[in-house]
Each structure stands twice: as C-alpha cells, then as structure tokens.
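What follows draws every value from the coordinates through simple rules; no lab data is involved. This is a predicted model, so every value here is computed, not measured. Neighbour counts are summed over all protein chains in view; Cβ atoms, including those assigned to glycine, are modelled from backbone coordinates with ideal geometry.
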Amino acid sequence: MRKNGVLLHITSLPSKYGIGTMGKEAFNFIDFLKRSHQQLWQVLPLGPTSYGDSPYQSYSTFAGNPYLIDLDLLAEDGLLKPEEYEDLEWSESDDAVDFGRLYTLRYKVLDKAVARFLKNPAADYQKFLEEEKDWIDDYALFMALKDKHEGKPWLEWESEYRKYDAKKAEAWKEEFKDRMDYYKVLQYLFYKQWRAVREYASKNFVQIIGDLPIYVAQDSVDAWSNPELFIFDEDGRPSLVAGCPPDGFSADGQLWGNPIYDWKYHKKTGYEWWIRRVQHATEVYDILRIDHFRGFDSFYAIPADATTAKVGEWLEGPGLDLFTTIEGKLGKKAIIAEDLGYLTPSVKKLLADTGYPGMKVLEFAFDSRDGSGAEYLPYNYPKNCVAYAGTHDNDTIRGWFESISPEDKQYACDYMDAYNPNEYNWEMMRAVIASPADTTIVQAQDLLNLDSSARMNTPGRLGGNWTWRLKPNQINTEDIEGTLRWVTDLYGRGYGVNKPKKVEKDDDYTTMVQEIVNAKD
C-alpha cells in the first residue's frame, strides 16, 4: 500500500510556551495530516535530551522527554494554575526553541504539577509504575543522583555513586525517594499525554513513525546502570566511542562519543536488553525507524581520547543474528532501516536478509559532494523502501539548491523539469512521491519552502541544532494542504485511492473519500 507522510518532530510544533508539546497543536497537526490525506507522521526520538539538546543523546532509551508535556493539559487536569506558567518569558522567538531558558523555567513549573499530583495520585499511577518497573526505578534514581551532583555527567560523580551497585542502589532509592517520585510522576504524565496523541492519530488513520538511535548516550542511565553492555575499562570509562569517518561533508568525520556495545556479551544474554528496547519502542510507535543500520553489520570505533573521528577502525557487529533473535521473541515488527552512507556488500546483504525497507534520499542523487549517484535516482528505487527529498540531517530543499554547485543544480533541474526557483520544493517532493517507493516522507520545512535557517540538524556542528519550530498556523494554509493533498492523491498515496477496509462503514470517512473523488483541483 502506497503511503506518504510528513516529518516534523514534536518540539517543532507551534507553542506559546517555548517548545512544541503533546497538547492542542499536536492534535491540530494530525487534523492537518488527515485533511491533506497523509497516512504517516514521522517524529524524532522522544527521550529526555541531555547536553547539546539532541534527541539522539538521551538520558534514557525508555523514558520520555518532560519538555514535551503540555502545560495547558496539566491545567485542565487541575495540576497547574494558568498564572503559574502563562506569563513567563519562554522564548524570544516563536520559531525557535531556547533550550537554556526551558531548562531554567520548565522544571520549576513541573515541580508544582507533580506536587499536586502526589497529594492525590491518579487511580492508574501505581499500575503504570508496575508496568514500567524494569526501567523506571533506575531512571528515576539516575536523575535524582544527577540533581544531587548539580547535573554533572555520571563519570564526574563522587566515586561512591559513579559505579552502579544493585545492593547500594536499594539504599539510594530510600535516600532519594522524594526526588525519584518526582521523576516517576513526570514519566506518568508524559506517557498519559503521548497515549492520547497516539489514539487520536489512529482514529484519524495516521500512523506514527518513531526513531530508535543505534547508540545510547554516554551520560545515560543505560550506560551507568548496565556497564556490562558496553566496552568500558576497569574504571568504568569507555575505551572506544562511536562516530563516522570523514566524508564529502565532513573532513574530520563525526565524533559522536557514544559508548560502544560489547556485542559478545549481548549475544551471550540472547540480546535480552535489545529485545526489551525494541519491544518498548514498538509499543510507543506504530512503525520503528532504526538509526545507523549499517552499524549492526560493522561499526566505526574511535579511541575515547581522540579529538576527531579521523582515527578509528571498523569492527564487526552482530549482523542478522540480532534481528532473527528479536523477531523470534517479538514476532515481525514494522521496522525501517536507516541505511544511508557508504554501504558495503555485506550491509546490503544484511538489509535484504532482514526484509526491512531501507531509505533513499533524493538530494544524494545529484550532489557530487556525496558521490552516491544513481542509486538515489527515483527510477532506481525498489518498492520496499522509504524515500525522502531530505531528512532531518539534510538541508532543506531550498537551502540545498542554494548550496550545491552550478553543475549539480543544472542536473537536478533537468531531471525534475524544475526551472522556477519558487517551485523547486514541490518539484523535488513530487519526484519522490511519484517514485516506486511504497513509502515516501516530506519535511514540514520543505512544504513551506524554507531556507537553510530552518534546517533541523547539521551533523558535526556544535550548537544551533534541533531548535526550529513552526509558527502558529504557518502550515495550516489552504494552498499547502491543497497542493499536498493533490500530489499525494495523484500518485496513489491518498485515502481516496487506498481506503482502509476497517473503516468502510465510518460515515465521516466515507464523506471524506467522496469529497476526494469529486474534487477537481
């Protein structure tokens, strides 16, 4: 079944309070997707972000980001008073997130909500804690200890706390119970609101694609409480870290700094931690995109004391054994493999053996800096893939056209028959949507024809990433909705072409389909 969707992270939704949340604007965006006949909404990882504000560097692979908790919904539940948050200066700009200001203000407001909640906990609170027991206790303890150490990374904590010990942890949990309760309540509130968003999306025939980073952050409860999962030295510090070697976009490569997995240990445990991780993620999202898929075949390991990614070596990953084990335990899940970058024959074989759809990025087809070439041209796309003009790690279409060489630009224009700069974005998205790929995704920034200032992330750049967000009502225009609906239906990706059988008797849906059939624009 052919589908199209939009990539927009939760933080990029409009908001009066400094950052996009799981409140009214999330529901409005789902309405926008339904009106424009989209079947997919892709978001980035939802975990609590650490230093650098990257959703790919989270304090936990299981927890949700408290920044995304909607304050108005808390007020509706009687946990906040409007005067406690409405008049605060959340941001100087309505199209950018000020993470520093959020860090200063947000938790003070959430403190009040949690205090009220604990006076009269919700009826299902204890059930939630029991269901999430395998991760939430250690996560809450980790965050409480971070507070004790003024937010410092766990490698800089006092020696007593730096090394996790299960017996000591039980005593710590008594000592820091109050602060742990605070972080547990935040997770309850996060998942309560997220479930409501998921349910509304499902009701409106929109599936949510989520993102699972291959690595966890060094400063995370995952690394602190499970050191055996990683290649650490005797002092509990990483000896190797993750990254990418130099390429056409970065002369020094990318030094991510994440700890490297001890895959031999994971295999001995039957990949138990990975099974729990994937199971949790597939319960949070409808479809799971696994980031840096090639790292499961072989991965780039850099000495922990290196200052760039120039010095590193490729080591062998778990390969197909990991994915067959996961499928054997969990059954077949809807998974997308992010297989971008330099792909060896063994990576391609791994992708084929799993049966997962890989990814294609149209910008790569024309950009001589990347050198990927013909495999990213639409006529070469297999049906079993997910195609993009660009992802959150790429420039916007407008910014990309302004940055490539004249020769590359001419090639792209000739290929797509695109000669009006004001329409480059639609011509490029149209080329992707018209392709054989079963699934295609467009970025919200490209629907608006925004320049490089709206780019979500520039890999390898320190600071200035992850901040872009929509202005109120910026995307909800008749022109954008109508054009997106038209091109989606034109190439067989809209509900008017592929009506789900399970909703054939839904009156609202039947009316919507009939309107599509009758539409002439």
Quick calc, the range 336-434, dipole around Cα centre from Cβ unit charges on Lys, Arg (+) and Asp, Glu (-), nearest 20 debye, gives 340
With a ≥ b ≥ c from the Cα gyration tensor eigenvalues, square-rooted, and the rule rounded for a/c under 1.5, otherwise prolate when a/b > b/c and oblate otherwise, the range 180-292 is prolate
Between Gln279 and Asn28, the FRET efficiency computed from the C-beta separation at R0 = 25 Å comes out, to the nearest 0.05, as 0.20
In nanometres, the difference between 0.36 nm per residue of separation and the alpha-carbon distance of Glu478 and Asp87 is 137.6 nm
Checked against the positive end of the charge dipole of the range 84-242 (+1 on Cβ of Lys and Arg, -1 on Cβ of Asp and Glu, about the Cα centre), the farthest of Pro213, Phe117, Phe232 is Phe117
Expressed as a whole-number percentage, the relative contact order of the range 131-264 with C-alpha contacts under 8 angstrom and at least six residues apart is 22
For Leu462, placing the label point 7 angstrom along Cα-to-beta-carbon and taking the range 149-165, residues whose amide nitrogen sits under 11 Å are none
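For the chain, give the magnitude of the charge dipole about the Cα centre (Cβ charges: +1 Lys/Arg, -1 Asp/Glu; no others), in debye to the nearest 20.
Numbers: 61 positive and 85 negative charges, 261 e Å.
Computed about the Cα centre, the dipole is about 1260 debye.
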Check: C-alpha center the range 1-29 vs C-alpha center the range 457-488, spacing in Å is 10
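Could you tell me which trypsin sites (Lys or Arg not before Pro) in the range 249-347 are loop residues by DSSP with no more than 10 other beta carbons within 10 angstrom of their beta carbon? Provide the component values of the computation, followed by the final result.
Working: sites: Lys264, Lys267, Lys268, Arg276, Arg277, Arg289, Arg294, Lys310, Lys329, Lys332, Lys333; in loops: Lys310, Lys332, Lys333.
Answer by residue number: Lys332.
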Computed from the beta carbon distance with a Förster radius of 41 Å, FRET efficiency for Ala374 and Asp262 to the nearest 0.05 stands at 0.60
So, with points 7 Å from each Cα along the Cβ direction, the Tyr200-Thr307 label distance in nm works out to 4.9
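If I take every Cα pair under 8 Å that is 6 or more residues apart in the range 3-518, average their sequence separation and divide by the length, what percent do I get for the relative contact order? If you can, show how the numbers build up before the last one.
Numbers: 860 pairs, mean separation 92.2, N = 516.
Relative contact order for the range 3-518 comes out at 18 percent.
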Honestly the range 396-480 on the Cα gyration tensor test (a ≥ b ≥ c root eigenvalues; a/c under 1.5 rounded, otherwise a/b vs b/c for prolate or oblate) is just oblate
With label points set 7 Å from each Cα along the Cα-to-Cβ direction at Glu174 and Asp111, the distance between them in nm comes to 2.7
Too long for a 32 Å Cα-Cα cut-off, among Lys24/Lys349; Lys168/Lys267; Lys152/Lys329; Lys16/Lys133; Lys34/Lys333; Lys268/Lys332, are Lys24/Lys349; Lys152/Lys329; Lys16/Lys133
Among the range 175-204, those whose backbone N falls under 18 Å of a label point 7 Å along Cα→Cβ from Glu130 are 185, 188
Among (i) 21, 57, 22, 1; (ii) 20, 44, 24, 11, 1; (iii) 20, 53, 24, 3, 0, the value of P(r) over Cα pairs in 20 Å bins from 0, in percent computed for this structure carries the label (i)
One finds the C-alpha centres of the range 187-247 and the range 123-143 to be spaced, in Å, by 17
Each label sits 7 Å from Cα toward the beta-carbon; between Ser453 and Glu407 the label points are separated, in nm, by 3.3
